[in-house]
Amino acid sequence: MDLPSRPYGNVTSMICKANYFKFETTAKIFKYNVKIDPEVSENQMKFFMKMINKLRPQLAERLKFFYPQNFLLYSPEAVNDDMVFSVEEENRKYEFTVSIAGFLSIGQDKESLNFFGRFFKILQQKLRLQQIGRKYFDPKEGKAFKDLRLEVWPGFATSLNNYGPNFLVNVDTSYKILREDSALDVIQDLVKTNSASDTQMFIENQLANTTVMTK
């Protein structure tokens, strides 16, 4: 295949900018293995989190701040000796042994990508943003258009990806348009204006891929 020749002569260089931001941290994040006796299977994450929440005050005394994920604990505090805790759940006593297992290799593996991806989601929740799908919106800054029975919420979508040795955070602005009428209002209007023989199928097709929010 013949490729076009690279142009010579007057070539103008230009600076291109993108909405990607380099994510850096100087803090070490230590990870801890959690051994449970009697053993809890990996598909019992909700059960695991329920017991972790009961142990949260005791864990906070040693680790200060910590974050549980996938039967591991992450914390900026280093505790070299094993920590042993007991908790009772569903009329059964469980013993937790928490052992330091090294630190998170930031920007080097999928584990750190998953950790910081979840970290950014928690930050957005702390800002009291409303999650719709994979994006976050600020209802407090919403603008109502009464004549159109619509409201527009500003927001943004974020993504974190590994590019070479660095994590880059992509931030895109986004807007959510919300109708002020209820799902029942829409259904009643469709019933009034529908001439199809199968009203239920017609309504299902009209409402497909829409999002209904509850208050």
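Which of the strands (runs of 3 or more DSSP E) contained wholly in region 98-215 include at least 2 residues that are surrounded by 13 or more Cβ atoms within 10 Å (Cβ to Cβ) and within 25 Å of the chain's Cα centre (by Cα)?
On the way: elements: 130-132, 135-137, 143-145, 150-163, 166-179.
Output list reads 130-132, 135-137, 150-163, 166-179.
Identify all residues within region 105-152 that are among the small types (Gly, Ala, Ser) and farther than 30 Å from residue 186 by Cβ; write none if there are none. It would help to see each step written out before you state the result.
Within region 105-152, the first condition is being among the small types (Gly, Ala, Ser), and the residues that meet it are 105, 107, 112, 117, 133, 142, 144.
Those that are among the small types (Gly, Ala, Ser) and farther than 30 Å from residue 186 by Cβ: 105, 107, 112, 117.
With the structure loaded, tell me whether residue 187 is touching a residue at least 24 places away in the same chain (Cβ under 8 Å) and outside the structural domain of residue 72 (by TED's automatic domain parsing) or whether it fails that test. Spelling it out, it is not the case that residue 187 is touching a residue at least 24 places away in the same chain (Cβ under 8 Å) and outside the structural domain of residue 72 (by TED's automatic domain parsing). Counting only residues that are part of a strand (DSSP E or B) and at pLDDT below 85, region 7-21 holds 0 of them.
When residue 105 is tested against (1) among the small types (Gly, Ala, Ser); (2) modelled with pLDDT of 95 or more; (3) in contact with a helix residue (DSSP H, G or I) (Cβ under 9 Å, 6 or more places away or on another chain), just one condition goes unmet, and that condition is (2).
The values are calculated or read from the model by the stated rules, or taken from the named source; none is laboratory data. Remember, predicted model here, so these are calculated numbers, not experimental data. Neighbour counts are summed over all protein chains in view; Cβ atoms, including those assigned to glycine, are modelled from backbone coordinates with ideal geometry.
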